[in-house]
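Novice: The structure that follows is given in the form of structure tokens.
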Amino acid sequence: MIMASYMAAFQIMNIRPMTPLDAPIRVVCVGDSITQGSGYPAKLQLLLGTNYLVGNFGVAGTTVSLNSTSPYMNQTAFQKAQEFNPNYVVIMLGTNDARTDVKESNETFEDDYSKLISIFQNLQSNPQIFVVDSPPIFTSNPNYNSTYLTNNIIPQINSVADYLNLPTIDANSVFGNRTDYFMDGVHPNSEGAALIADQVNNAIVAENPNP
């Protein structure tokens, strides 16, 4: 019930492909249900202001891994994110890769993440890519493995970012032990979404202080 309400509140933006004349600076938010449903992209839009256009291309349940049942790269939103002609791409995936029914598929996690990034890097708009460390998991739900996220997924995300010389955004340790910033231990509430938006905003503004 919580998840249904969470997803009903915020639906993926159905935006037509953009041309360079349509908007100033375009930001693509790639991710799973945390991106799709938390509201952080909308909060990011407010922080960045009218010089930017933020698109929410999150898809619930998706993974980096191409060996899972729901890889992000197999989603229609992935194609739409490319057609958005982004100047910035913010990728926050990995939570579902830490699911107990998915983690056995993660042997190629770093290769799959690198492939996802390279597709965006090869766009004509030549976007700056930001790689985000996924938020912590506080739930006792056995389907999610907090230890695996911390000890395996996050280090692999950072390894890919280091190898490709890409900036990372901390949406993990920044939460500390703020379990009250989550609806169900996995999905951030409004306060948690605001924290993520603030982290992303700081990274973009540092990269582009005078839009």
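The values are calculated or read from the model by the stated rules, or taken from the named source; none is laboratory data. Small disclaimer: the values here were computed from a predicted structure and weren't measured. Reconstructed Cβ throughout: ideal geometry from the backbone, glycine too, with neighbour counts over all protein chains shown.
Residue by residue, here is whether (1) in a strand (DSSP E or B); (2) surrounded by fewer than 18 Cβ atoms within 10 Å (Cβ to Cβ); (3) modelled with pLDDT of 95 or more; (4) under 14 Å from the mean Cα position of the chain (by Cα) holds:
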site	(1), (2), (3), (4)
N141	no, yes, no, no
T147	no, yes, no, no
I154	no, no, yes, yes
N165	no, yes, yes, no
I169	yes, no, yes, yes
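Novice: Please determine, by comparing only the residues of the range 83-94 that are surrounded by 24 or more Cβ atoms within 10 Å (Cβ to Cβ) and touching a Ser or Thr at 6+ places or on another chain (Cβ under 8 Å), which one is farthest from G61 (Cα to Cα).
Specialist: Ranking the candidates gives P86 first.
Novice: Considering only residues that are more than 18 Å from G31 (Cβ to Cβ) and among the β-branched types (V, I, T), which ones fall in the range 140-171?
Specialist: T147, T150
Novice: Quickly run through the range 172-206 and pick out the residues that are among the acidic types (D, E) and either touching a residue at least 12 places away in the same chain (Cβ under 8 Å) or under 25 Å from R26 (Cα atoms) (or both).
Specialist: If the condition is that a residue be among the acidic types (D, E) and either touching a residue at least 12 places away in the same chain (Cβ under 8 Å) or under 25 Å from R26 (Cα atoms) (or both), then D184, E191, D198 are the ones that fit.
Novice: Just a yes or no: is a residue in the range 184-193 among the hydroxyl-bearing types (S, T, Y), within 20 Å of A60 (Cβ to Cβ) and not in a loop (DSSP other than H, G, I, E, B)?
Specialist: Checked the range 184-193: at least one residue is among the hydroxyl-bearing types (S, T, Y), within 20 Å of A60 (Cβ to Cβ) and not in a loop (DSSP other than H, G, I, E, B).
Novice: Does N126 satisfy the criteria of being polar (S, T, N, Q), in a loop (DSSP other than H, G, I, E, B) and modelled with pLDDT of 95 or more?
Specialist: yes
Novice: Still on this structure: Go over the candidates N96, N106, N67 one by one and state the one that is more than 23 Å from N201 (Cα to Cα), in contact with a Gly (Cβ under 7 Å, 6 or more places away or on another chain), touching a residue at least 40 places away in the same chain (Cβ under 8 Å) and not aromatic (F, W, Y).
Specialist: N96
Novice: Output the helices (runs of 4 or more DSSP H) that fall wholly within the range 1-113 and possess 3 or more residues being of a type outside the set (G, A, S), over 22 Å from N158 (Cβ atoms) and modelled with pLDDT under 95, or say none.
Specialist: By residue number, 2-9.
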